[in-house]
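Asks: Got a structure for you, questions after.
Every number here is computed from the coordinates shown, using simple stated rules; none is lab data. Since this is a predicted model, take the numbers as computed values, not measurements. Every residue, glycine among them, receives a Cβ derived from its backbone with ideal geometry; neighbour counts consider all protein chains shown.
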Amino acid sequence: MLDLRGLTIRYLPRGQRPVQALKGVTIRVQAREILGITGESGSGKSTLGAAILRLLPAYADYSAGAVLFEGRDVLVMDDSELRRIRGSRIALISQDSASSLNPVLKIGTQISEVLRAHLKLNKQQRMGRVLELLREVGFDDPERIASAYAHELSGGQGQRVVIAQAVACGPALLIADEPTSKLDSQLQAEILALLSNVVRQHGTGLILITHDPAILVGLADRIAVMYAGSIVEEGGTADVVRNPLHPYTQALLRLFMLRLDRHPSKMDKFPAIVGEAPDLSHAGPGCCFEPRCLERMTVCATEDPRESNLSHSHRVSCFKYAN
Amino acid sequence: MTYVFHRLLRAALLLLGVSLLCFLFTEMAPGSFFDEMRLNPQISPETITSLRARYGLDRPLVVRYFRWTASAMHGDLGYSIAYNAPVTPLLWARAKNTLLLTLTATLLTWLLGVPLGLMTGSARGKFADKLATPTSSFLLSVPELVLAVGLLALAVRWRFAPVGGMMSLGFEDLSPWEKIRDMAVHMLLPVLILVLGGVAVVERHVRVSVLEVLDMPYIQAARGLGIGRARVLFRHVLPVAANPAISLFGFSIAALLGGSLVVEVVAAWPGLGPLILEATLSRDLYLVIGAVLFSAVFMIAGNLIADVILLASDPRIRPGEPDAS
Amino acid sequence: MLTNGNSSATSNRALLRVRALSKKYWIRRGMFRRRAPLAAVSDVALEIEGGKTLAIVGSSGSGKSTVARCVARLEKPDSGEIWINDREIVQTEGKDLMFLRPQVQLVFQDPTASMNARFSVAKTIEEPLLLQGCGAREERRARVAELMREVALRPEWMERRVTEFSGGQRQRIAIARALALRPKLLILDEAFTGLDLSTQAQIANLLLELQTSHSLTYLLISHDLTFVSRMADTIAVMSLGRIVEEGRAEEVVINPLHPSTRALVAAAQGLHSGNAAQQPS
C-alpha cells in the first residue's frame, strides 16, 4: 500500500549548513499492518512521518526518492490530489495534542471540518458522525466533549480527539508520531490500546513512530530502527527483539529490557550508549553509527554499509553481516 | 451576565472619577472665563461678581461639584457661559455631526483593513504584500496633522472635494436626495483623512496576527488533515487572529467621539472637536466638562463592548470555568 | 507497607524529613468566582537519608510535583513541617530562607523551558553563583568550567548559546547549574520525561556518579515506575494527594500492595500486552 523508495531529504535552513535528514530510506507498509519506527531524536523518524504527506517545512528539499501510495507518487502529485489524500486516505496524528487542536473552535467543529473537507454529508449527518467518532475513541459523553474547547480537556482526552479526527474519514493509513510521549504511563497504555483497537476494527495500516521501543513490542508487526537518517535494521518485531543484529539495535534493546526485568534493583550503571547523537550537518562517508559503535571495524568509517537480508523479512545495514 | 453587570458598575464609578478629575483640573488651570472681561474697563467689577454668582462660580468647589453631579444625573450638564445656553443640547448637536463622520470612517476602515490584513498576512512576500507593506508603513509614520493638512492642500489644488463645513450654502433648499449627496461630498475629505490613517493600523495588526497564527501547529495539523487553504484561513485562522483585532476595534469605538479632533478642526467639520477646543481655551467650565464626559462615556462603552465581544468569541478567557476533566 | 507519620525508618542521619505536609489550591468555580479548595497534598510524610534516593511516583494530578515544590519552598505549604538538615523551613520566611537555596536545588522536566535559551551556557550556569554573590569573574568562569567537566560537557563550549544544544545536553547544563552551589539535596521533577531512552540512560549514569562523588541526596519525581526503580533506594507512591504506599524500591515494584501502585506497575509492564481500551481519565 505504501512504498518508500530511496527517500532522501535535506533541510536547507537559511544561514546554516544543510542537514541531511533522511538518506535513502526504503520501506513498505502493507494494508492492515502496524509498522513501528524507532530511533533517537534526530534519527529522522519524525521527518519520515511528515514527508509521507509532504508536510515538511518550506526549507525541506526532497532530494531523491519516491513515496508511492496505492501506486501514485505523493512527491509529484499536484496540490488538489494531495489535499484529497491528506486526512482521508492517510492521516497524521502529531505529537502534542494540546497544540494540534485549535483553541477557539469547539471540538465538535474541528472534527466536523475534517469530514466536511472530504465527505459529502450534510450538517446533521456530520454531527451524527462526530458523536459516533467520539464514542468510538472512548468518550462516554460525546455531546459534552463536542461542545467543549481544547483547553478544557486533559492531555489524554486531547489525544483521543486527535485520533478521532484522524480516523474520521476512514483512512487506509494512519501515521502516529510520538502519540504518547507527553503522557504518563497509565495514559500511555490507554491511548495505545485505543490505537490498536481502532486499527483492528477499521483495518487501517499504522506507522507508529516513537523513541521508546517498549511501546512497539506486542503492538507492532514490524519494527524499523533508524539512526541518523537511515534505517539500520528492519524486520518482524519478534525477530528483531529476540535477535537484534545491528549494534545500535542491540544497545537500544538492552535499555529497553530493563523495563521488563521483574526484579529491578538500583543500578550502579545503566547500559547507556557512549557518545553523543550525530551532527547531521557534518555527514561524511561511512556508517553514521561508527563513532559510537563498540564493534566498529576500519571499513565502517570509510564506506557506507550495504544492506544484507538475513532472512526473508529481516534486513540490516551493517558491515558485520556483509559477505 | 454577572460579568457584564460588574463591568457596568465599574464603568459608572469610572465616570464619576473622570468627572471629578475634570472638575479639579479645570479648576486648577489658571484663569477663568471672566479674565478677559476683567481686563475690559467697560465692565464693572460688580457686573463680574454678579455674573459669577449667577453661574454659581463663587461657591466652594465641593458644593459646585455635588450640585453639578446631581443635575448631571438628570441629564442637565450645566450652562455654557460663552454660548449662554444649556450644555447638553449643544453637545448633542455637535456630537451627532462627529458621529456621522467617525462612524462612516470607522466602518470603511475596518471593511478595508481586515481583508487587506488577511490578504497580506496569508500571502507573505508575494506581490500584494510587497505593495501593501511599504504603503502602510508610510501612512503609519506620517503624523495625522500632516496627513490632514496635506490632503487639504491637495483638495484645494485639485478640487476633488469641498474643503470645509458640512453643507453648502442653500442646503435647506435641496431635495432629500440632494441633501444626502451634498453631505457625502463634504464628508469626503475628513473621512479620507481618517480612513487612510486608520486602515494602515488595522491592516498591520491583522497581518501580524495572521502571520503568527499561520505558524501554529494546529493550523499545520488542519492542513495536514486535508482542509483547503481558503477554508483554513477563514474558518481556522481568522477566529484566532481576530482576538487582538477585537481589542483594536474596542479602541476604535472608544475613539469615536474623541479621536477625530484634529481632522475636524483642519477640515472645518462642525463636530465635537472644535467645540472642545474652543471651550477649553475660553475656560467655559461646564461645556468642557460635559464634552469630556461625553467622550469618556464612549471610551468606556467602547472598551466594554470590545471586552464583551472578546468574551463571546474567545473561549479561553471565560472567567471561572471549572475544568471539564 | 503503608506507613503513617512516624516512620520506623527514622534515622538521625535523615537529610530531609517531612511531616504532615498539606497544601490546598483554591480554584474558581462558576460566574460568581466562588473559591473552592482542591486538596493537592494531604498529610504527606517522608524521609530521605543523606546520600540516598527517594522517588515519588504517581500519575498526573497525584500531587507529587506539589510536594517537590513545597520541599524546595517554592510554595508555602498550608501546614506541616519540613526539616532539612534539622532546620525547619515551613515556618521560616524571607531572608531566613536564604540558607536553603545553596542546599536544595531543582532540575525540571523541560530543559528548554527552565532556561533562558538566549543565554550562553556560561551565563546559565553561573547565575546561581551571581545570586549568592560569589567571587570575581575569573573565579566564576573557572567554576563553570569545572562544573561542565563534571557533567561531561566540553568547557570550550561555554560561550555557545543554549539553543545550540540537544535536549539531553541541555539537561546536563541544567544539572551543572543545579550543582553550582554544592547542594546537599537535588530535586529532580520529571527530569527524564521527554528524553530519548539512550539520553535518559546517560543522564541517569551521570546522576548516579555524581551521587557517589558528591554524596548527593536525590528526591526523584516521576510517573515512570520501572525506570525510577532502577535509580531509587526507596519509593513512595502518591495518589490523589496522599502517599498510599512506601518502601524499598524493589519491594514496591515486585510486590505492589495498593491498587494505585498495582496500576502503575501494570501500566509500565503491560504496555505490550494490548489491553482493551479503558475509560478516558
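Asks: Set the Förster distance to 60 Å, then compute FRET efficiency between B:E212 and B:E46 from the Cβ-Cβ distance, nearest 0.05.
Replies: Here the calculated transfer efficiency is 0.30.
Asks: Net charge within 10 Å of B:G113 by Cβ-Cβ distance, Lys/Arg positive one each and Asp/Glu negative one each, not counting B:G113 itself? Kindly include the intermediate steps, with their values, before the conclusion.
Replies: On the way: positive: B:R204, B:R207; negative: B:E203.
Net of charged neighbours comes to +1.
Asks: I'd like the distance separating the alpha-carbon centroids of the stretch A:71-96 and the stretch A:277-291, in whole Å.
Replies: Here the answer is 31 Å between Cα centres.
Asks: Given the C-alpha centroids of the stretch A:162-177 and the stretch C:72-130, what is the distance between them in whole angstrom?
Replies: Comparing the Cα centres of the stretch A:162-177 and the stretch C:72-130, I get a distance of 44 Å.
Asks: Would you calculate a helix-derived [θ] at 222 nm for the protein assembly as shown, using -39,500 (n - 2.57) for each DSSP H run of n ≥ 4 and dividing by the full residue count, to the nearest 500?
Replies: The helix contribution divided over the protein assembly as shown gives -14500 deg cm²/dmol.
Asks: A follow-up question, please. What's the local net charge at B:A85, with K and R +1, D and E -1, over the other residues with C-beta under 13 Å away?
Replies: -1
Asks: Loop-only check: which trypsin sites (Lys or Arg not before Pro) in the stretch A:23-128 are DSSP coil with at most 11 other Cβ within 10 angstrom?
Replies: Loop-located and lightly packed - A:K120.
Asks: Let me ask something else. Select from the stretch B:88-133 those trypsin sites (Lys or Arg not before Pro) which occupy a DSSP coil region and have at most 15 other Cβ atoms within 10 Å, ordered by residue number.
Replies: Here the trypsin sites (Lys or Arg not before Pro) that fit, given the DSSP loop and packing criteria, are B:R124, B:K126.
Asks: Residue by residue through the stretch C:139-152, which ³J(HN,Hα) values in whole Hz follow from phi under the Karplus form 6.51 cos²θ - 1.76 cosθ + 1.60 (θ = phi - 60°), with glycine and proline marked x?
Replies: 4, 5, 5, 5, 5, 4, 4, 4, 5, 5, 5, 5, 9, 6
Asks: Something else about it: Take C:V57, B:V18, B:V237, B:V156 and order them by how many other Cβ atoms sit within 10 Å, fewest up front. Could the numbers behind the result be given before it?
Replies: Values: C:V57 32, B:V18 18, B:V237 25, B:V156 13.
The fewest-first ordering by Cβ neighbours comes to B:V156, B:V18, B:V237, C:V57.
Asks: Antiparallel as a % of all DSSP beta bridges within chain C, to the nearest 5? Numbers along the way, then the final one.
Replies: Values: 26 of 44 bridges.
Close to 60 percent.
Asks: Apply the Kirkwood formula to the protein assembly as shown: the hydrodynamic radius equals the inverse of the mean of 1/r over all pairs of different alpha-carbon atoms; give it in Å with one decimal. Please report the intermediate quantities before stating the final value.
Replies: Numbers: mean 1/r = 0.0302 Å⁻¹.
Kirkwood radius, the protein assembly as shown: 33.1 Å.
Asks: Right, here's the next one. Taking the dipole about the Cα centre of the stretch A:86-207, with the C-beta of Lys and Arg at +1 and of Asp and Glu at -1, give me whichever of A:A146, A:G128, A:I191 is farthest to the positive side.
Replies: A:G128
Asks: Right, here's the next one. Multiply the residue gap between A:R254 and A:K320 by 0.36 nm, knock off their C-alpha separation, and tell me the result in nm, one decimal place.
Replies: Once the chain is fully extended between A:R254 and A:K320, it gains 21.8 nm.
Asks: Take the cross-link list A:K106/C:K76; A:K182/C:K23; A:K266/C:K95 and give me the ones stretching past 29 Å between alpha-carbons. Could you put the intermediate results ahead of the total?
Replies: Details: A:K106/C:K76 37 Å; A:K182/C:K23 26 Å; A:K266/C:K95 38 Å.
Result: A:K106/C:K76; A:K266/C:K95 exceed 29 Å.
Asks: Then there's this: In terms of the ratio Rg/(2.2 N^0.38 Å) built on C-alpha atoms, what value belongs to the stretch C:111-182?
Replies: 0.97
Asks: Still on this structure: Identify all lysines with a Cα-Cα distance to A:K23 below 27 Å; exclude those on the same chain that are fewer than 8 residues away in sequence.
Replies: Hits, sequence-local ones excluded: A:K45, A:K320.
Asks: Which aspartates and glutamates have a Cα less than 16 Å from the Cα of C:K24, not counting those fewer than 8 places away in the same chain?
Replies: Straight-distance partners of C:K24: C:D43, C:E75, C:D78, C:E81.
Asks: Spin-label point model (7 Å from Cα, Cβ direction): what's the B:E278 to A:M267 distance in nm?
Replies: Between B:E278 and A:M267, the simple spin-label model gives 8.8 nm.
Asks: Counting alpha carbon pairs within less than 8 Å and at least 6 residues apart, what relative contact order, in whole percent, applies to the stretch A:173-323?
Replies: 19
Asks: Report the label-to-label distance for C:N255 and A:R306 in nanometres (one decimal), using points 7 Å from each Cα along the Cα→Cβ vector.
Replies: Going from the C:N255 label point to the A:R306 one covers 5.8 nm.
Asks: Right, next: Going by Cα centres, the stretch C:160-210 and the stretch A:1-19 are how many Å apart?
Replies: 31
Asks: Determine ³J(HN,Hα), in whole Hz, for all residues of the stretch C:121-133 in sequence, where each value follows from phi through the Karplus function 6.51 cos²θ - 1.76 cosθ + 1.60 and θ = phi - 60°; x replaces Gly and Pro.
Replies: Calculated HN-Hα couplings, in order: 4, 4, 5, 5, 6, 7, 3, x, 5, 5, 5, 8, x Hz.
Asks: May I ask you to derive the relative contact order of chain B, considering only C-alpha pairs under 8 Å and at least 6 residues apart, and to give it as an integer percent?
Replies: This gives 25 percent for chain B.
Asks: Further question on the same structure: What is the calculated FRET efficiency for A:R14 to B:L9, with r their C-beta to C-beta distance and R₀ = 35 Å, to the nearest 0.05?
Replies: 0.05
Asks: Ok, one more. Antiparallel as a % of all DSSP beta bridges within the protein assembly as shown, to the nearest 5?
Replies: 60
Asks: Shifting gears a bit: Pop a pseudo-label 7 angstrom from the Cα along the beta-carbon direction at both B:L112 and B:A184 and give the gap in nm to one decimal.
Replies: Spacing of the two 7 Å Cα→Cβ label points: 1.6 nm.
Asks: Also, I was wondering about something else. Does chain A come out rounded, prolate or oblate by the C-alpha gyration tensor, with a ≥ b ≥ c the root eigenvalues, rounded set by a/c under 1.5 and, if not, prolate when a/b is larger than b/c and oblate if not?
Replies: Numbers: a/c = 1.99, a/b = 1.51, b/c = 1.32.
Taking the square roots of the gyration eigenvalues as a ≥ b ≥ c, chain A is prolate.
Asks: With +1 assigned to the C-beta of every Lys and Arg and -1 to the C-beta of every Asp and Glu, and no other charges, what is the dipole magnitude of the protein assembly as shown about the Cα centre in debye, to the nearest 20?
Replies: With only Lys, Arg, Asp and Glu charged at Cβ, the dipole is about 580 debye.
Asks: Please tell me the relative contact order of chain A in percent, rounded to the nearest whole number, where contacts are Cα pairs under 8 Å and at least six residues apart. List each step's numbers first, then the result.
Replies: Numbers: 576 pairs, mean separation 67.9, N = 323.
Reported relative contact order: 21 percent.
Asks: Follow-up. For chain B, with a Gaussian network of springs between Cα atoms less than 10 Å apart, report the residue from B:G226, B:G302, B:G258 with the top mean-square fluctuation.
Replies: Comparing B:G226, B:G302, B:G258 in the GNM, the peak value goes to B:G226.
Asks: Moving on to the next point. For a label point 7 angstrom out from the Cα of A:D61 toward its Cβ, which stretches of the stretch A:13-36 have the backbone nitrogen within less than 12 Å?
Replies: Under cut-off, by backbone N: A:13-21.
Asks: Evaluate E = 1/(1 + (r/R0)^6) for A:H202 and B:R231, where r is the Cβ-Cβ distance and R0 equals 22 Å; express this FRET efficiency to the nearest 0.05. Before the final figure, lay out each step's value.
Replies: Details: r = 26 Å, r/R0 = 1.17.
About 0.30, to the nearest 0.05.
Asks: Net charge around B:L261, counting only other residues with Cβ within less than 15 Å of its Cβ (Lys, Arg = +1; Asp, Glu = -1)?
Replies: -2
Asks: Among rounded, prolate and oblate, which fits the stretch A:39-109 when a ≥ b ≥ c are the square roots of the eigenvalues of its C-alpha gyration tensor, a/c under 1.5 means rounded, and a/b larger than b/c means prolate?
Replies: Oblate is the answer for the stretch A:39-109, as a/c is 1.5 or above yet b/c matches or exceeds a/b.
Asks: Moving to a separate point now. Where is the GNM fluctuation largest for chain B (alpha-carbon springs, 10 angstrom cutoff): B:P162, B:P45, B:P143?
Replies: With Cα springs under 10 Å in chain B, the top fluctuation among B:P162, B:P45, B:P143 is at B:P45.
Asks: Would chain B count as rounded, prolate or oblate if I go by the C-alpha gyration tensor, calling it rounded below 1.5 in a/c and otherwise prolate when a/b exceeds b/c, oblate otherwise?
Replies: Taking the square roots of the gyration eigenvalues as a ≥ b ≥ c, chain B is oblate.
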